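Down below is the structure, laid out as structure tokens.
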Ligand code: F6R
């Protein structure tokens, strides 16, 4: 795994966007895997700036998102569908038909998972962007999820709900379940860009790089990927042994 330690979040975001921009220039029908949460927002801002500057186009891009809360309507401000439109899609020329986000409608969940998985299986993601949960989750694959999992419903850990309550009025509003791409699906992407910033991710980054491979810490599988880039800021790198 290639590791970059950026001075700060701005530099982290620039490095990650520059990798994506370079690959987009080489392949205009690239398939991009997006993540939500706070971490990739700066990367998305840099991608929007490159699009505005005429450097890249999303016209032929296909996207897959990692996950979605179950039970929040698409128009809910905290749904990941809403987040992606606000943070990226509304600002670029991506074709709405090429956007794939797992659907969190509890009424048709199994059918929607099947459709999403079929789509995923007939495409190979060129670059998957990932954040890391403080408990080591990737997408919403919480500790204990099988490394061979595909898209599935997951009960969110209480720690994850606590971490994410900052986006809601209070904890009772944070959904208890989500639908998530599986770990096997994530590992099938050709390239992974893993991002972590801030002191609250320092333990997770240490565990990822220095801990053992175990389903109890889902991000530990990422070291097995042949083309993974980890970009962290100095705070997230602060507990590493040889820094
Ligand atoms: C989001 C996702 C999650 C987040 C992780 C970190 O689509 O899959 O794994 O990447 O929870 O979230 P932030 O970036 O908010 O710290």
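What follows draws every value from the coordinates through simple rules; no lab data is involved. Bear in mind that the values here come from a model prediction, so they are computed numbers and not experimental data. Every residue, glycine among them, receives a Cβ derived from its backbone with ideal geometry; neighbour counts consider all protein chains shown.
The distance linking the stretch 221-243 with the stretch 83-107 is 29 Å (Cα centroid to Cα centroid, whole angstrom). Taking other C-beta atoms within 10 Å as the exposure proxy, 69, 80 rank 69, 80 from fewest upward. The antiparallel fraction among DSSP beta bridges confined to the chain stands at about 25%.
Taken over the stretch 7-101, the convex hull of the Cα atoms encloses 90 Å³ per residue. In terms of surrounding Cβ atoms within a 10 Å radius of their Cβ, 168, 58, 34 rank from fewest to most as 168, 58, 34. Listed from fewest to most Cβ neighbours within 10 Å, the set 174, 232, 153 follows the order 153, 174, 232. The gain in end-to-end length when the residue 176 to residue 10 segment is fully stretched comes to 56.5 nm, 0.36 nm per residue minus the alpha carbon separation. Relative contact order of the stretch 2-224: what whole-number percent is it, with Cα pairs under 8 angstrom and at least 6 residues apart? Across the stretch 2-224, relative contact order equals 22 percent.
Modelled spin labels at residue 110 and residue 242, positioned 7 Å past Cα toward Cβ, are 5.0 nm from each other.
Divide the volume of the convex hull around the Cα atoms of the stretch 2-224 by the residue count and you get 118 Å³ per residue. Each peptide among 201-213, 130-142, 38-50 gets the average number of other Cβ atoms lying within 10 Å of its residues, and from highest to lowest they stand as 130-142, 38-50, 201-213.
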